[in-house]
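See below for the structure under consideration.
The values are calculated or read from the model by the stated rules, or taken from the named source; none is laboratory data. Fair warning: this is a prediction, and the values are worked out from it, not measured in the lab. FYI the Cβ positions are ideal-geometry reconstructions off the backbone, even for glycines, and counts take in every protein chain you see. Surface areas here come from the heavy atoms of the whole protein model, side chains and all, with no ligands, DNA or RNA. Shrake-Rupley method; radii C 1.70, N 1.55, O 1.52, S 1.80 Å.
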Amino acid sequence: MGARREDTIDDLHAGKAKYSNIFNYPTVSWADIGAIGWLVDGAAIQNQVMLTRTSYGPYSRAMVKICKEESFHQRQGYEIILHLANGTPEQKKMAQDSLNRWWWPSLMMFGPSDKNSTHSQQSLAWKIKRQGNDELRQEFIDKTVPQAEFANLTIPDPDLKWNEERGSYDFGEIDWNEFMNVIKGNGPMNKSRIDARKAAKDNGAWVREAANAYHNKKKKRAEANQSAA
């Protein structure tokens, strides 16, 4: 809040500002577009619906609109996966491969387990968050596994099984070393993503300079006309 746009961009380039770990994984096929919509945006919605009831009013109101847009992305992504999964053997293989690669990073989007999270307890106490990371992750898994089964795809987790007593799925251990490695800037695409952002800023410098020159010229002309009057 209140930060200059230029400063936030510089913070990103310097590694001071962070962004979602999910953006540091590569997209290698058309099926990834479907998997990202279905899984990544699906995980985002799981978080964002909860945030429509956050204690911070402006954020809460913004989340209502964001959830509507994300819901479209999620439905579109799942439709792409369904078409591929029910297509040719090559297309189904693409869909399964994409699910294999995006499943675990999507679960990581909810953040570390609450017992290892730096901010979860404080956020829950202030009602910024209404649910913990573990609860949100579990709800996402319970919703998504039946969708995968409907598409005749296999969740890449040999430990995944329905727990009748809990009424939820048990699932395997998440590789938190991978998560922390990506957060620290050592993921598959971290360097490439930041290099692209730096290049965009450098290559667009002439546009900003031209816009500023035009603004100053226009301002001086207005001042001159006002003085003449």
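Here are some notes:
- When the range 138-179 is limited to residues that are open to solvent by 40 Å² or more (accessible area, probe 1.4 Å), of a type in the set (Asp, Glu) and part of a loop (DSSP other than H, G, I, E, B), the one that is farthest from Gly87 (Cα to Cα) turns out to be Glu165.
- So Thr144, is it hydroxyl-bearing (Ser, Thr, Tyr) and more than 30 Å from Arg53 (Cβ to Cβ): no
- Look at the range 48-75: where a residue is in a helix (DSSP H, G or I) and a partner is hydroxyl-bearing (Ser, Thr, Tyr), sitting 6+ places away or on another chain with Cβ atoms under 7 Å, you get Leu51/Tyr59; Leu51/Ser60; Ser60/Thr52; Ser60/Thr54; Met63/Thr52; Val64/Thr52; Cys67/Thr52.
- Flag for Gly87 being outside any helix (DSSP H, G or I), of a type outside the set (Phe, Trp, Tyr), open to solvent by 30 Å² or more (accessible area, probe 1.4 Å) and without any contact (Cβ under 8 Å) to a residue 40 or more places away in the chain: yes
To keep it simple, each residue is scored yes or no on (1) in contact with a helix residue (DSSP H, G or I) (Cβ under 9 Å, 6 or more places away or on another chain); (2) open to solvent by 50 Å² or more (accessible area, probe 1.4 Å); (3) among the hydroxyl-bearing types (Ser, Thr, Tyr).
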residue: Glu6; (1), (2), (3): no, yes, no
residue: Ala17; (1), (2), (3): yes, no, no
residue: Ser20; (1), (2), (3): yes, no, yes
residue: Asn24; (1), (2), (3): yes, no, no
residue: Val28; (1), (2), (3): yes, yes, no
residue: Asp32; (1), (2), (3): yes, no, no
residue: Leu39; (1), (2), (3): yes, no, no
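- Failed item, numbered, when Trp126 is tested on (1) at pLDDT below 95; (2) at negative phi; (3) buried (at least 17 other Cβ atoms within 10 Å of the Cβ): (3)
- Just one of the listed residues (Gly172, Gly167) is modelled with pLDDT of 95 or more and farther than 19 Å from Ala43 by Cβ, namely Gly167.
- Residues of the range 86-133 classified as of a type in the set (A, V, I, L, M, F, W, C) and closer than 24 Å to Met63 by Cβ, total: 9
- A single entry from Leu107, Leu82 fulfils the requirement of being more than 30 Å from Lys201 (Cβ to Cβ), open to solvent by less than 30 Å² (accessible area, probe 1.4 Å) and touching a Phe, Trp or Tyr at 6+ places or on another chain (Cβ under 9 Å): Leu107.
- Among residues of the range 25-46 that are of a type in the set (A, V, I, L, M, F, W, C), those with a Cβ under 6 angstrom from a residue that is crowded, with 20+ Cβ neighbours inside 10 Å and assigned to a loop (DSSP other than H, G, I, E, B), sequence gap 6+ or separate chain, pair up as Ala43/Met109.
- Every pair of residues 6+ apart whose Cβ atoms lie under 6 Å, when the first sits in the range 175-203 and is closer than 30 Å to Asp159 by Cβ and touching a residue at least 40 places away in the same chain (Cβ under 8 Å) while the second is part of a loop (DSSP other than H, G, I, E, B) and open to solvent by 40 Å² or more (accessible area, probe 1.4 Å): Pro188/Pro26; Met189/Pro26
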